[in-house]
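First comes the structure, then the notes that go with it.
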């Protein structure tokens, strides 16, 4: 399962979410500003508090953009 940590109002987060939806990739969104538990989880897993951050089976792509997400998912064999 892909977990995407986001912040409301973050344009990079919106782009990443749209990309994942367009590719029909299942994911769980965790909005960290509205849920302190998600922020704590983000910080524990990635060592920082920036978004968007992806967690794919424990592999973290932190503070990222759509191009890096696409490359990351290609390297994981999730997309072609």
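Observations, loosely collected:
- Of all residues in region 52-63, none that is at negative phi and buried (at least 22 other Cβ atoms within 10 Å of the Cβ) has its Cβ atom under 8 Å from the Cβ atom of a residue that is part of a strand (DSSP E or B) and modelled with pLDDT under 95, 6 or more apart or on another chain.
- Filter pass, residue 16 being within 23 Å of residue 78 (Cβ to Cβ), assigned to a helix (DSSP H, G or I) and at pLDDT 95 or above: yes
- Inclusion of residue 30 among residues that are out of contact with any strand residue (DSSP E or B) (no Cβ under 7 Å at 6 or more places or on another chain), within 12 Å of residue 4 (Cα to Cα) and surrounded by 15 or more Cβ atoms within 10 Å (Cβ to Cβ) is not warranted.
- Candidate set: region 39-51, residues that are more than 16 Å from residue 12 (Cα to Cα) and crowded, with 18+ Cβ neighbours inside 10 Å; chosen: the one farthest from the chain's Cα centre (by Cα): 39
The values are calculated or read from the model by the stated rules, or taken from the named source; none is laboratory data. None of these values were measured; they are calculated from a predicted model. Positions of Cβ are generated from backbone atoms using ideal geometry, with glycine treated the same way; all protein chains shown enter the neighbour counts.
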